[in-house]
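Here is the structure we will look at.
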Amino acid sequence: MVSAAMQREQLRSERQRVSVLIGVMAFLWLVLVTLWRIPSFIREDLRPQLLEAFGPLVAVTVAALVYEIGVFLWLGRLQGADRSPPPAFRYVNALVEISFPTAAIAAGAVVLGGFTMLAGATPFVYFLFLGLTALNLDYRLCVFAGAVAGLELVTMSSVLFAMSDASATSKASVLAMLHSPHQYLSRGAFLLTGGAIAGLVSVQIRRQISVALRTLEERDRAISIFGQHVSPQVAELLLKQSVDFAGEERNVCVMFLDIRDFSRIAGDRSPAEVVDYLNALFGPMIPLVSEHRGIINKFLGDGFMAVFGAPVDDPESCCHAVAAAHALLDVAERLSREKRIPPTRLGIGLHLGLAITGNVGGEERKEYTVIGDVVNLSSRVEQATKMFGARLLVTEAVLDALGERRPAEAQDLGPVELKGQTRAVRLFKLA
């Protein structure tokens, strides 16, 4: 999956690079048109000769623009089909793109004669293509592009110098060209464009590295702390917000679930059969808890403890906990009815209260846990289901938190003395 994601990112980055090149080609065309339209940018004694070269230069620029637009559209189709270009494409494309400045130098030299084009601004265009090659995120491709650019420029220089008349060189208008404003305006424009492109490359690479490292760091932190207890929904929320795992006070709804008469069920079966039974029962229950924005914090052999409202805040934790409890009871009934498990009865207790949530343990082993009286009381409420023959009991705090969604069938059991509690707790039977 990582390799496929990287390929998609490279294709997206390649298409972005081509879109920038389209803008560069359009900008270069605008520079040429501006130089042609504004006479004061070129010295009068150079203007007739240079205007003759503008035609071939514009032709090469337009050809490059058409080529890049075609590549952009083709990459878009590949991206839509979730396909990657052939491995050799990037190298062939780099060869073609780097050859555009060479073609411009050759075309201008045909008109101007000799090596005059080498003294102009055209060679700077190589740097624009090389800078954007970095967006391919491929080191070897960048080296290849640099080698091609260097080889083509050296080859073109050798050919033009060989074709030039040495005696005519001193009479050529090279010195005059160096005093023409258009030279500095052109080079300044190209350098400015190159700086902007280099900035785009650095920002793009910095953003990608930063996002990748931050995502990996947060994902590894979440996975190491919560392991397989984290639901996809909770994990997604967790990675989007900063969570202090060192310990913080939260208002949470704690659920304790217990399998009734588990000793009898286990006593009639081998250990392997007991494990199969628990897996068959708990397997469908785990995603149900996750769907209701809860996490199963601990498995207790014949039951489990689930938490709603941590590690991510949930103002409706009680509503989600009650809905999850009903869904868990329905699942146990369905599995029993379909004879996929032995007849099974559950007891569930819910309580809402403040708790300290965070890591407990040492450097080598830590566990995310919930500590507070809310945990102890939830466990006692679950045990009270045996006393009242109930499947789901909740405290008054949970029922009050439901507000308008308080179920009409809630049966008030009044204050109940629970083991380990100094005061009676008012309980309500929901199932």
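Throughout, read-outs are computed from the coordinates displayed, never taken from laboratory work. These figures come from a predicted structure and were not determined experimentally. Cβ: placed from backbone, ideal geometry, glycine included. Neighbour counts: every protein chain shown.
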Among Leu278, Leu399, Ala266, the residue whose Cα sits farthest towards the positive end of the charge dipole of the range 244-429 (+1 at Cβ of Lys and Arg, -1 at Cβ of Asp and Glu, taken about the Cα centre) is Ala266
Restricted to pairs 8 or more residues apart or on different chains, the lysines in the range 244-429 with C-alpha atoms under 23 Å apart form a number of pairs equal to 6
Sorted on mean Cβ neighbours within 10 Å (highest first), peptides 425-431, 385-391, 25-31 come out as 425-431, 25-31, 385-391
The answer for the per residue Cα convex hull volume of the range 244-429, in Å³, is 133 Å³
The answer for the net charge of residues other than Gln421 whose Cβ lies under 13 angstrom from its Cβ, with Lys and Arg +1 and Asp and Glu -1, is +2
Scoring the range 244-429 by relative contact order with C-alpha pairs under 8 Å, at least six apart, yields a percentage of 24 percent
Given backbone amide H placed at 1.01 Å from N, residues whose amide H is under 5 Å from that of Asn297, ignoring those fewer than 5 places away on the same chain, are Met305, Ala306, Val307
Listed with the fewest Cβ neighbours within 10 Å leading, Leu257, Leu393, Leu377 appear as Leu377, Leu257, Leu393
